[in-house]
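Heads up: the structure comes next, in structure tokens.
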Amino acid sequence: MGNKGYVWSLGGPLPVIDDHSLAKHEVLRSYLVNYLRILALSARSEGIRVTLVDGFAGGGRYRTSQGVEVGGSPLVLLHALREARAKIVLDRQARGIRTPYTIDAHIHLVERTPSSCAFLRKVIDESPEAHAPQTQVTVHQGDFHQTLPAILGDIRVRQRRTGRSVFILDQYGWSQVNLDSVRQIFAELPRAEVFLTWMIDNLVNFLSEKTVGALNPALQRIGLGDALTAEHLLTIKAADETGLGDLTWRRAIQSLMTDQIRLSSGATYSTPFYIVPRNSRRGYWLLHLARHLRANEEMKRIHWQNNNLHHPGGSGFNMLGYLGGNGQLTFDNRFDQHAQQVTLEALQEDIPQRLRSLRGPIRFGDLVQHTANETPACLAQLQEAVFTLARERQLMLTTQAGAARRTAHSVAEDDLIEVPPQLWLLPIRS
Ligand SMILES: C[S@@+](CC[C@H](N)C(=O)[O-])C[C@H]1O[C@@H](n2cnc3c(N)ncnc32)[C@H](O)[C@@H]1O
């Protein structure tokens, strides 16, 4: 992507897609296919209504540097819908479910730039998936924030009960999405999920005495003005005297921003990981925001399946800490085999420590919920760590029925876990 971003015009050349956008499309596709398949798990259900919103849609088509034509995010959504419909038929056949299942989907595409929007309309007109049964596509030319009330109104009318929807807010840079709009989405649609791209490195690079005057109005404009000021961010930068170069203050700022974006957006859970294609060192955040734990868990599972993602932070319950207890930069997580191992080891240290500070039993499900924003680990990794610790007698695991757990994946939400009293007195790491 050039400095001015992608440009589309009817009759003009297709923009060349960069590796980050390809990696981002792959994450979105796999997440959406999973999302729709999970919604179809109930054997008795005959279908759902769902809305997908691409708030910064672009022109809908690119070429790769090798000259191959590929779809933009609007086509990624439509292809994911087609793939999910096909897989759901097979999933249900395999389970012997005869009830037919339909996904009634409305896709809203918003693009502000007139020439890009004209191009997008042509791409959609020519797309067979956009004309599939039970599929409605609406292209809006305009600003996402101004279009949002009409989209929310449509979702309320069509899906009165659940409002299931996924919003993709794929801005350039970091200052185009106003978090007040994300807050409005979650206030009206608690089951909504939001993907938000955020070029955190651009913001951090921009930070200097000279830019304070421009940064504060930008923070106000995106809905972070009450939570953060440029002066505060500069103080963090100036206070860092650890000699670790600029990495520590950068990461302290990233950590602070992650929390503030989640709080200001009204989300309960977020995953703040980087999109970094395998052959690149540069990246930007693809934040996933949700109010329900299940969505957070599914996003983490996608991260562990896709090593275009990257997380320069802690691996146990120190996800946003970036600095370990020894003052060294924490792990550079590429969500690969090695990261799996490091994560399990970190959890086996952090879980007993957390339990010792509680001094009493806690439901396994509550531990998962309380630590969701603190760890990149997904449920299966937490189950495995707890199971291993119980086997090594470093914690007590009690099931509701008083039976023993024989496998890690059978560790259940209602199981109680606690550190044996004789281990309470071990020192707690700060
Ligand atoms: C990063 S590009 C989108 C790429 C696209 N999501 C994809 O993956 O193929 C951002 C797009 O958002 C558009 N845009 C910028 N500000 C906008 C706004 N406030 N509302 C709607 N679209 C906007 C730009 O014209 C540009 O086409």
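The values are calculated or read from the model by the stated rules, or taken from the named source; none is laboratory data. What you see is a predicted model, and the numbers here were worked out from it, not measured in a lab. Quick reminder, even Gly has a Cβ in these numbers, built from the backbone with ideal geometry, and neighbours come from all protein chains shown. SASA here: full protein model, heavy atoms, side chains in, ligands and nucleic acids out. Shrake-Rupley method; radii C 1.70, N 1.55, O 1.52, S 1.80 Å.
Restricting R44, R85, R37, R29 to those that are touching a His at 6+ places or on another chain (Cβ under 8 Å) and basic (K, R) reduces the list to R29. Of the numbered criteria (1) part of a helix (DSSP H, G or I); (2) at pLDDT 80 or above, the one R250 fails is (2). All told, L90 falls short of being under 25 Å from the mean Cα position of the chain (by Cα) and modelled with pLDDT of 95 or more. The requirement of being over 18 Å from L289 (Cβ atoms) and at pLDDT 90 or above is not satisfied by D201. Cβ separations smaller than 6 Å between residues 6+ apart or across chains give the following pairs from segment 141-162 residues that are among the hydrophobic types (A, V, I, L, M, F, W, C) to residues that are near the ligand (Cβ under 9 Å from one of its atoms) and in a loop (DSSP other than H, G, I, E, B): F144/G55.
Taking each residue of segment 207-225 that is among the basic types (K, R) and looking for partners that are at pLDDT 90 or above with beta-carbon atoms closer than 7 Å, six or more apart or interchain, yields R221/S175; R221/N178. Those strands (runs of 3 or more DSSP E) of segment 1-81 in which at least 1 residues are open to solvent by 40 Å² or more (accessible area, probe 1.4 Å) and within 10 Å of the ligand (Cβ to nearest atom), considering only elements entirely within it, cover 61-63. Among the residues making up segment 160-182, those that are away from the ligand (no atom under 14 Å from the Cβ) and open to solvent by less than 10 Å² (accessible area, probe 1.4 Å) are G163, S165. Tell me, please, whether a residue that is farther than 28 Å from S73 by Cα and either open to solvent by 10 Å² or more (accessible area, probe 1.4 Å) or at pLDDT below 85 (or both) can be found in segment 265-282. No, because not a single residue in segment 265-282 is farther than 28 Å from S73 by Cα and either open to solvent by 10 Å² or more (accessible area, probe 1.4 Å) or at pLDDT below 85 (or both). Among the residues of segment 188-196, are any buried (at least 17 other Cβ atoms within 10 Å of the Cβ), more than 21 Å from V276 (Cα to Cα) and within 12 Å of the ligand (Cβ to nearest atom)? Scanning segment 188-196, I find no residue that is buried (at least 17 other Cβ atoms within 10 Å of the Cβ), more than 21 Å from V276 (Cα to Cα) and within 12 Å of the ligand (Cβ to nearest atom), so the answer is no. Mind checking which residues of segment 308-358 are of a type in the set (A, V, I, L, M), open to solvent by 20 Å² or more (accessible area, probe 1.4 Å), over 12 Å from T375 (Cα atoms) and at pLDDT below 70? Residues satisfying the conditions are L323, L329. Inside segment 82-122, residues that are away from the ligand (no atom under 13 Å from the Cβ) and either touching a Phe, Trp or Tyr at 6+ places or on another chain (Cβ under 6 Å) or part of a helix (DSSP H, G or I) (or both) make up a count of 15. Just to be sure, is T135 away from the ligand (no atom under 16 Å from the Cβ) and hydroxyl-bearing (S, T, Y)? Considered against the rule, which asks whether it is away from the ligand (no atom under 16 Å from the Cβ) and hydroxyl-bearing (S, T, Y), T135 comes out as yes.
Taken over segment 145-159, the criterion of being more than 16 Å from E193 (Cα to Cα) and either surrounded by 14 or more Cβ atoms within 10 Å (Cβ to Cβ) or within 16 Å of the ligand (Cβ to nearest atom) (or both) is satisfied by H145, Q146, T147, P149, A150, D154, R158.
Against the numbered list (1) more than 16 Å from the ligand (Cβ to nearest atom); (2) surrounded by fewer than 20 Cβ atoms within 10 Å (Cβ to Cβ); (3) under 18 Å from the mean Cα position of the chain (by Cα), E231 comes up short only at (3).
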